[in-house]
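The structure under discussion appears below in the form of structure tokens.
The numbers here are math on the coordinates, done by the rules we state, and not lab data. This one's a predicted model, so the numbers in the text were calculated from it and none came from an experiment. Counting neighbours? That spans all protein chains shown, and the Cβs are built from the backbone with ideal geometry, glycine included.
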Number of protein chains: 2
Amino acid sequence: MKQYQHPTIDQITLTGILHALSDPVRLNFVRSLDQYATEQRCGAIATPVAKSTMSHHLRVLREAGIIRTRTEGTQCLTSLRLGELDAKFPGVMDSVLKAADRSELTSTP
Amino acid sequence: MKQYQHPTIDQITLTGILHALSDPVRLNFVRSLDQYATEQRCGAIATPVAKSTMSHHLRVLREAGIIRTRTEGTQCLTSLRLGELDAKFPGVMDSVLKAADRSELTSTP
């Protein structure tokens, strides 16, 4: 069973978070995941890139401390670490996700 | 007299902002500039990198729409575009700058 490594909250850096969110594919994935209250099956969220490319993006998000991934039986499940992030960097994820929603509404990508 | 190009508010993207702030040198420069209410002379803010490296960082910040640079006589002056950014992405710059202040207090770089 695949084990995923995650940074502890102390290891998560602000610049690491900002870098991880600075890619449109990753930011959109985080926005999509944010729309669910619970963890989601890996692959359940549609993305516009190849599976191998998405694996790279998910690793960047995981290593930055934005998502948590675990396996349960044969399933892989992913969730946002919003509570931890908000405790360490109050308002950052919330304002970025809201700004991403607004940008989506006012721009044609 | 050198003329600097700046993106219009419509050209500024959220991912561009996040990318520009994801570098520790750039984030620290923005924090320092934020501590002044008025525009500052270019070079007035001490940075830990060579002048040529800093020129690159300043260009990234300018092209992302985070700073505005202008010349007045022989002087080069720089300021943050906080008002414009907050109108387009409410709370993003504020929460990132506050989180950067907190990180500085709790970590040893």
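Among the conditions (1) touching a helix residue (DSSP H, G or I) at 6+ places or on another chain (Cβ under 9 Å); (2) within 14 Å of another protein chain (Cβ to nearest Cβ), the only one that residue B:11 does not satisfy is (1). Restricting attention to the stretch A:40-91, which residues are at positive phi and more than 14 Å from chain B (Cβ to nearest Cβ)? Once the filter is applied, which keeps residues that are at positive phi and more than 14 Å from chain B (Cβ to nearest Cβ), the stretch A:40-91 yields A:43, A:73. Residues in the stretch B:31-59 that are within 21 Å of residue B:17 (Cα to Cα) and among the basic types (Lys, Arg): B:31, B:59.
Confirm whether residue B:92 is closer than 24 Å to residue A:60 by Cα and hydrophobic (A, V, I, L, M, F, W, C). For residue B:92, the condition - closer than 24 Å to residue A:60 by Cα and hydrophobic (A, V, I, L, M, F, W, C) - is met. You will find that of B:81, B:41, the residue that is in contact (Cβ under 8 Å) with a residue 12 or more places away in the chain, exposed (fewer than 13 other Cβ atoms within 10 Å of the Cβ) and charged (D, E, K, R) is B:41 and no other. Listed conditions (1) in contact (Cβ under 8 Å) with a residue 24 or more places away in the chain; (2) buried (at least 19 other Cβ atoms within 10 Å of the Cβ) are all met by residue B:18, apart from (1). When residues in the stretch B:18-62 are screened for being over 18 Å from residue B:101 (Cα atoms), in a helix (DSSP H, G or I) and touching a Leu at 6+ places or on another chain (Cβ under 9 Å), 2 of them pass. If you go through the stretch A:66-89 and keep only what is out of contact with any Ser or Thr (no Cβ under 8 Å at 6 or more places or on another chain) and not charged (D, E, K, R), you end up with A:66, A:71, A:73, A:74, A:75, A:80, A:82, A:83, A:85, A:87.
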